[in-house]
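Only the coordinates and a few stated rules stand behind these numbers; no lab work does. None of these values were measured; they are calculated from a predicted model. As a convention, Cβ positions derive from the backbone with ideal geometry for all residues, glycine included, and neighbour counts pool all protein chains shown.
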Amino acid sequence: MSPNEPSSVSSMLCGRKSVGHMYVRRFPISELPTDDQGLSDFLMKLYHEKDELKDNFLKTGSFSSKSKFKVHQKVELKPSMPVLVR
């Protein structure tokens with residue numbers, strides 16, 4: 001299995017390393033629209049931003065490189081679950 005090949009359940013159970021990337025944003029409830037149309041518009045805009053962020057990540061390998069999105073903190077998690085099958 002090459003490092004660029006997508007992970008699968010069987011590859012993880014066999015102990016192969018897997019890398020995941022996430023971009024997390026928080027929105028204060030006070031800033032969310034309360035009416036149906038406002039919330040619908042907010043979610044549509046959010047999905048467009050998500051698509052732009054994903055496209056940028058696939059091109060550059062970074063969430064912030066050449067993007068309007070700011071990365072506040074990079075977090076690397078250590079594996080916490082032992083390998084089940086070798």
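Here is how the numbers come out for the structure above:
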| item | result |
| --- | --- |
| Yes/no for F27 being part of a helix (DSSP H, G or I) and over 19 Å from E76 (Cα atoms) | no |
| Residues within segment 9-48 that are in contact (Cβ under 8 Å) with a residue 12 or more places away in the chain and either surrounded by 12 or more Cβ atoms within 10 Å (Cβ to Cβ) or at positive phi (or both), tallied | 5 |
